[in-house]
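Only one structure is covered here, and it is reproduced in the block below.
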Amino acid sequence: MSDRYQAFANSALGKLVIKNLGLPAPIELDRYEPGKPLVNGAVLFGAAPDSTLSAAISDALASIHADTYAGDNAQLQQVAAKSGLNLRAFNSGDKESRFKAFVFDASGIANSEQLVELYNFFHPVARQLMPSGRVIIVGRAPEAAGSVKAATAQRALEGFVKSVGKEFKKGVAAQLVYVGKGAEKNLESTLRFLISPKSAYVSGQVINISKAATVNVDWSMPLSGKTVLVTGASRGIGEAIARTMARDGAHVICLDIPAQDADLQRVAGEIGGSVLALDITAEDAAQKIKEFSAGKGGLDVIVHNAGVTRDKTLANMKENLWDMVLNINLSAAERINDYLLENDGLNANGRIICVSSISGIAGNLGQTNYAASKAGVIGLVKFTAPVLKNGITINAVAPGFIETQMTAAIPLAIREAGRRMNSMQQGGQPVDVAEAIAWFANPASTGVNGNVVRVCGQSLLGA
Ligand code: NAD
């Protein structure tokens, strides 16, 4: 779907007009290309005194082969050396150097006075982040902090990160990762996602990582040998998910309603996947999914992407529209999960991935049915996550304005508002949602459980 304003904004004339009128200036965001480095530029790494996550971060940066610099921090130098990370000295007076990412270990911040460490690290270099740059702060979940003061200080990180996301502009994304006790070795898949262009349209998010078994993966083909089922795979976001899963090595079962068969055949054919033409609201949908995937080595990942909108104000809404939206978007996924979990329908270290929406977080005029269904998806994730076993996880993405047929149908004025009211000043692409799902799906992401991550360019809605 095309964004003509963005194309204009990046032309020579457009740049001039936009600068003079103070209009939004959406840049073309970096996006991941296989074979290209995960971080296309240098990383500046800092830590507050007494931080405890620098070894885990160093290990991950070494594994990514990031070109990493740090200021005069003896503790960091020592930890990094043990990880085999080549940490080079950086003088914060050097205004010429440019960075693609700032990574800061804030786990040592134990009271509000120590929050000044954020200022000390970021202030001197705030102008030195490149377009599509990343700010990643890693801390400890306030809930698990040892004292009220430490919990308060760790919670404060969220306001800092969300403000930086709004302030730095030029496609910069900022995130906060809370690492649970004993979850240090579960950090890498998340750091890889957040530091790379795969997270182009994810910003202002708080991600929790909990302790889980560690799994070694081939990072270039993490889903090799895995079977992934994607519902609603014939077009839009579902098609992008299917393609991204196949890129990462999975065999993809592409599911959609029989009426979408031609597109479904096309997508599955192009990615070497298989076709399951099925309505997910059918009574025997879960059994059919299990039977079909049994022939492919069983199911490793299910992505509940199929969804519909039927917008009407509540006063004007017919009961069948309420029922249809709730059934497709929420109840069908619930029934399928229940059946698969009760009947060994998901392999060990399996993944359940749901697609919510920022409408489910913010609510939306004319969408009582849709927002209820998508908020229900968030509930499903939150309350299912703690009871899962065998390394199985459940997470959701909550997309904002994504350029698809669904959003192309929105009237122009509302469409333009939805597109621009976020830190990226543009809509996201289906692949942006798919990349977040691929991060959840990664076998090394077992510590990522019960998270709802917005893919919305830090939309102002529901924030
Ligand atoms: P889309 O309408 O282009 O695709 C949805 C797909 O789901 C279609 O192929 C459709 O045939 C399939 N589907 C619908 N009912 C089904 C059923 N009963 N059984 C099987 N398949 C069924 O929509 P999209 O924009 O690609 O959205 C995908 C998901 O993302 C949806 O859950 C949607 O709510 C969510 N979402 C989209 C946006 C956005 O901006 N496009 C924003 C937030 C959330």
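Taken as a whole, the structure leaves E435 outside the set of residues that are closer than 30 Å to N316 by Cβ and among the acidic types (D, E).
If you check K149, K162 for being surrounded by 18 or more Cβ atoms within 10 Å (Cβ to Cβ), part of a helix (DSSP H, G or I) and in contact (Cβ under 8 Å) with a residue 12 or more places away in the chain, only one passes: K162.
Every listed requirement among (1) more than 20 Å from K211 (Cα to Cα); (2) among the aliphatic types (A, V, I, L, M); (3) buried (at least 24 other Cβ atoms within 10 Å of the Cβ) is met by A441 save one, (1).
No other residue among S203, S132, S189 is part of a strand (DSSP E or B) and either among the polar types (S, T, N, Q) or surrounded by 23 or more Cβ atoms within 10 Å (Cβ to Cβ) (or both) apart from S132.
Within the stretch 380-435, take every residue that is surrounded by 24 or more Cβ atoms within 10 Å (Cβ to Cβ) and part of a helix (DSSP H, G or I) and give me the one that is modelled with the lowest pLDDT. Restricting to residues being surrounded by 24 or more Cβ atoms within 10 Å (Cβ to Cβ) and part of a helix (DSSP H, G or I), the top hit is R419.
Residue pairs whose Cβ atoms lie under 9 Å apart, separated by 6 or more positions or on different chains, with the first residue in the stretch 63-86 and without any contact (Cβ under 8 Å) to a residue 24 or more places away in the chain and at positive phi and the second in a helix (DSSP H, G or I) and small (G, A, S), are G84/S58; G84/A62. Of the residues making up the stretch 134-149, one or more are within 30 Å of K19 (Cα to Cα) and not aliphatic (A, V, I, L, M).
Among the candidates L38, L23, the residue that is free of Cβ contacts under 8 Å to residues at least 40 places away in the same chain and within 30 Å of M421 (Cα to Cα) is uniquely L23. Step by step: first the residues of the stretch 213-252, then only those that are within 16 Å of the ligand (Cβ to nearest atom) and either among the small types (G, A, S) or more than 20 Å from E435 (Cβ to Cβ) (or both), then the one that is surrounded by the fewest Cβ atoms within 10 Å (Cβ to Cβ). Which residue is that? Applying the filter and picking the extreme gives G236. One residue is enough: does the stretch 88-98 have a residue meeting the conditions touching a strand residue (DSSP E or B) at 6+ places or on another chain (Cβ under 7 Å), modelled with pLDDT of 95 or more and buried (at least 17 other Cβ atoms within 10 Å of the Cβ)? Yes: the stretch 88-98 contains one or more residues that are touching a strand residue (DSSP E or B) at 6+ places or on another chain (Cβ under 7 Å), modelled with pLDDT of 95 or more and buried (at least 17 other Cβ atoms within 10 Å of the Cβ). The residue of the stretch 304-325 that is nearest to the ligand (Cβ to nearest atom), among those that are assigned to a loop (DSSP other than H, G, I, E, B) and either surrounded by fewer than 16 Cβ atoms within 10 Å (Cβ to Cβ) or free of Cβ contacts under 8 Å to residues at least 12 places away in the same chain (or both), is V308.
Contact annotation: residue pairs with Cβ atoms under 6 Å, 6 or more positions apart or on different chains, pairing a residue in the stretch 197-225 that is at positive phi and touching a residue at least 12 places away in the same chain (Cβ under 8 Å) with a partner that is among the polar types (S, T, N, Q) and in a loop (DSSP other than H, G, I, E, B), are G204/Q458. Note on the stretch 288-303: among residues that are part of a helix (DSSP H, G or I) and not hydrophobic (A, V, I, L, M, F, W, C), the one that is farthest from P222 (Cα to Cα) is K288. Taking the criterion of being out of contact with any Lys or Arg (no Cβ under 7 Å at 6 or more places or on another chain), in a loop (DSSP other than H, G, I, E, B) and either of a type in the set (D, E, K, R) or free of Cβ contacts under 8 Å to residues at least 40 places away in the same chain (or both), would at least one residue in the stretch 234-247 satisfy it? Yes, because at least one residue in the stretch 234-247 is out of contact with any Lys or Arg (no Cβ under 7 Å at 6 or more places or on another chain), in a loop (DSSP other than H, G, I, E, B) and either of a type in the set (D, E, K, R) or free of Cβ contacts under 8 Å to residues at least 40 places away in the same chain (or both). Looking at the stretch 334-343, is at least one residue away from the ligand (no atom under 11 Å from the Cβ), assigned to a loop (DSSP other than H, G, I, E, B) and surrounded by fewer than 16 Cβ atoms within 10 Å (Cβ to Cβ)? Yes, the stretch 334-343 contains at least one residue that is away from the ligand (no atom under 11 Å from the Cβ), assigned to a loop (DSSP other than H, G, I, E, B) and surrounded by fewer than 16 Cβ atoms within 10 Å (Cβ to Cβ).
Just one of the listed residues (I328, I353) is within 12 Å of the ligand (Cβ to nearest atom), in contact with a helix residue (DSSP H, G or I) (Cβ under 7 Å, 6 or more places away or on another chain) and in the same structural domain as M421 (by the TED database), and it is I353. Of everything in the stretch 382-407 that is in contact (Cβ under 8 Å) with a residue 60 or more places away in the chain and near the ligand (Cβ under 9 Å from one of its atoms), the residue that is nearest to the chain's Cα centre (by Cα) is P399. With respect to A9, determine if the residue is among the small types (G, A, S), surrounded by 15 or more Cβ atoms within 10 Å (Cβ to Cβ) and within 22 Å of the chain's Cα centre (by Cα). Against the criterion (among the small types (G, A, S), surrounded by 15 or more Cβ atoms within 10 Å (Cβ to Cβ) and within 22 Å of the chain's Cα centre (by Cα)), A9 does not qualify. Screening the candidates S274, S293 for the property of being in contact (Cβ under 8 Å) with a residue 24 or more places away in the chain, within 24 Å of G225 (Cα to Cα), hydroxyl-bearing (S, T, Y) and more than 13 Å from the ligand (Cβ to nearest atom) yields one hit, S293. For the condition crowded, with 17+ Cβ neighbours inside 10 Å and more than 8 Å from the ligand (Cβ to nearest atom), A371 qualifies.
The values are calculated or read from the model by the stated rules, or taken from the named source; none is laboratory data. Computed from a predicted structure; not experimentally measured. FYI the Cβ positions are ideal-geometry reconstructions off the backbone, even for glycines, and counts take in every protein chain you see.
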